[in-house]
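**Student:** Encoded as structure tokens, here's the structure I'll be asking about.
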Amino acid sequence: MRLATTAFLALIAASVAPAQKKEIVELGRDLALLQEEVRALKQAQDQRLSSMEETLKTILDQINSTNRQVTVLDSGLRERVEKSVTGQMSVLGGKVDGLGQDFNYIRESVAEVNSRLNKLQQLVVDLANVIKTMQVPPPPPGGDIPNTPPPGVSSTTLFQDARRDMSAGNSDLALKGFNEYLAWFGSTDSAPDAQYYIGEILYSQKKYDEALRAFDRVLEAYPRNSKTLDAHFMKGRTLVRLGQRNEGADEFRAIIKLAPKSDLATRARAELKDLGLSPGAPPPPARRK
């Protein structure tokens, strides 16, 4: 191409003037140089493209290698994670099962303890009932009384009937009713009252020895009950009737000591005054010289 261009320019130069020939020759030389530069530039560009292709190929190979390594690493890591999680879940499941068994054992133990406590509580209640039964004194002789009340007889009805008979002056019926009450319902709250009313009936019948025993039963079998002060007072009066003035005075003084501001304490002071005795404790006996 370079030779054709030179020949073409030479042909043109032959047909033109000398001044123009020089310019044409120079133009041809410049054109040849330009063609050489273009050729060199194309060659350099081809070399750079080839180098870039090689570099790109190397980069692609490295990327593919890295991807393969990442895939292998991901697979191994996933396997290790799965094994680790599976192992930990297995251990945790075993611990949960163990905790469940421990909880069941504790629940069974608590149930057993509650059962034993209930049995113990029932034993305490039974023992208390036995003690109350042992504390109730047998009623004084007055005829045979069945061990159990007849059908339809309740503690409330029996007690109210006996009180009504006592108020109506039917002392024997009232005495029988109170004795039956003690025999059948001797551990109830009204038992001390029934025992006390027996003493009052016997006192009104001037059976002082029997009345004294009845009042003693109130104080001994039912300590600290609603009739404690009344029993002390009537016991004191009974002792005075039996000629035991000092012993009777002691009962009156006991009331004053237990409840100094009560109505019975006022009555006890009046009884002591009638006996010519002081409400205070009696002086000790004088020593013999």
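Quick note: the coordinates plus some simple rules give every number you see, no bench work behind them. Every value quoted in this text rests on a predicted model; they were computed, and no experiment measured them. Neighbour counts run over all protein chains shown; Cβ positions are idealised from the backbone, glycine included.
**Student:** With the cut-off at 27 Å, tell me which of the pairs 176/261; 227/257; 176/206; 206/273; 57/83 have Cα atoms farther apart than that.
**Tutor:** Check vs 27 Å cut-off fails for 176/261; 57/83.
**Student:** Another question about this same structure. Order these peptides, 24-35, 168-179, by their mean beta-carbon neighbour count within 10 angstrom, highest first. Don't skip to the answer; put the middle values down first.
**Tutor:** Working: 24-35: 13.1, 168-179: 17.3.
Per-residue Cβ counts within 10 Å, averaged per peptide and sorted highest first, yield 168-179, 24-35.
**Student:** Mind ordering 181-187, 266-272, 63-69, 155-161 by average Cβ neighbours within 10 Å, highest first?
**Tutor:** The densest-packed peptide leads the list: 181-187, 266-272, 155-161, 63-69.
**Student:** Could you give the alpha-carbon Rg of the range 142-253 over 2.2 N^0.38 Å, rounded to two decimals?
**Tutor:** Scaled against compact globular proteins, the figure is 1.07.
**Student:** Straight-line reach from residue 119: which lysines have a Cα under 23 Å away, not including same-chain ones fewer than 8 places off?
**Tutor:** 132
**Student:** Near residue 68, within a Cβ-to-Cβ distance under 15 Å, what is the net charge of the other residues, with Lys and Arg +1 and Asp and Glu -1?
**Tutor:** -2
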